[in-house]
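The values are calculated or read from the model by the stated rules, or taken from the named source; none is laboratory data. It should be emphasised that the depicted structure is a prediction, and the values quoted were computed from it without experimental measurement. Every residue, glycine among them, receives a Cβ derived from its backbone with ideal geometry; neighbour counts consider all protein chains shown.
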Amino acid sequence: MWLMTTRGFYSVVAHRTLPAEVLVRTRTRADLEALEELIGPIDIFATPRADYPWRAVVSRERWSAAAVLLTAEIDYEDFKTAVAERQGDAREAVYHDVWMTLRRGLPGSAAPAAAPERAGPPPERFPGTPAERSCAAG
């Protein structure tokens, strides 16, 4: 799993020998330190010859909690702008390059040539409260 967040970029894979653990890999130590701020102490270690030079072994339970906490931190309407504000323009530029590569490289990911005409005013983005939306749907 690749996870790009306003805290950092994480590549998370199953641990080869410990099924209850995942290996969280990063390109910078700062990204793991940001994760540590969120979930508490983790043992960060260097693997200088690897493609991800910083790593930590984390229980699947703690990683799941981290994902929930990272989700709870979403307070922005534009991800790349939030990354620039929190991690700087250089990180935002890298994330933008990934975004652009995916936009160009995935079938069906390009924007349509022309947006379809809409009758009437645009709908509210998220009308009502979550409870009201739930009642309206059911």
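Could you grab me the full set of residues in the range 90-110 that are on the phi < 0 side of the Ramachandran plot and not aliphatic (A, V, I, L, M)? Of everything in the range 90-110, those that are on the phi < 0 side of the Ramachandran plot and not aliphatic (A, V, I, L, M) turn out to be 91, 92, 95, 96, 97, 99, 101, 103, 104, 105, 107, 109. Scanning the range 1-10 turns up at least one residue that is charged (D, E, K, R) and surrounded by 15 or more Cβ atoms within 10 Å (Cβ to Cβ).
The helices (runs of 4 or more DSSP H) falling completely within the range 33-138 that include 2 or more residues that are surrounded by 10 or more Cβ atoms within 10 Å (Cβ to Cβ) and at pLDDT 85 or above map to 60-72, 79-87, 89-105.
Exactly one residue out of 45, 9 is under 21 Å from residue 102 (Cα atoms), of a type in the set (A, V, I, L, M, F, W, C) and not assigned by TED's automatic domain parsing to the domain that holds residue 102, and it is 9. On the given criteria, is residue 55 in contact with a strand residue (DSSP E or B) (Cβ under 6 Å, 6 or more places away or on another chain) and of a type in the set (Lys, Arg)? Here the answer is yes, as residue 55 does meet what is asked.
Listed here are the residues, each with its yes/no results for (1) in the same structural domain as residue 17 (by TED's automatic domain parsing); (2) in contact with a helix residue (DSSP H, G or I) (Cβ under 8 Å, 6 or more places away or on another chain); (3) of a type in the set (Lys, Arg).
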residue: 57; (1), (2), (3): yes, no, no
residue: 60; (1), (2), (3): yes, no, yes
residue: 64; (1), (2), (3): yes, no, no
residue: 68; (1), (2), (3): yes, no, no
residue: 89; (1), (2), (3): no, no, no
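The residue of the range 11-32 that is surrounded by the most Cβ atoms within 10 Å (Cβ to Cβ), among those that are assigned to a strand (DSSP E or B) and among the aliphatic types (A, V, I, L, M), is 24.
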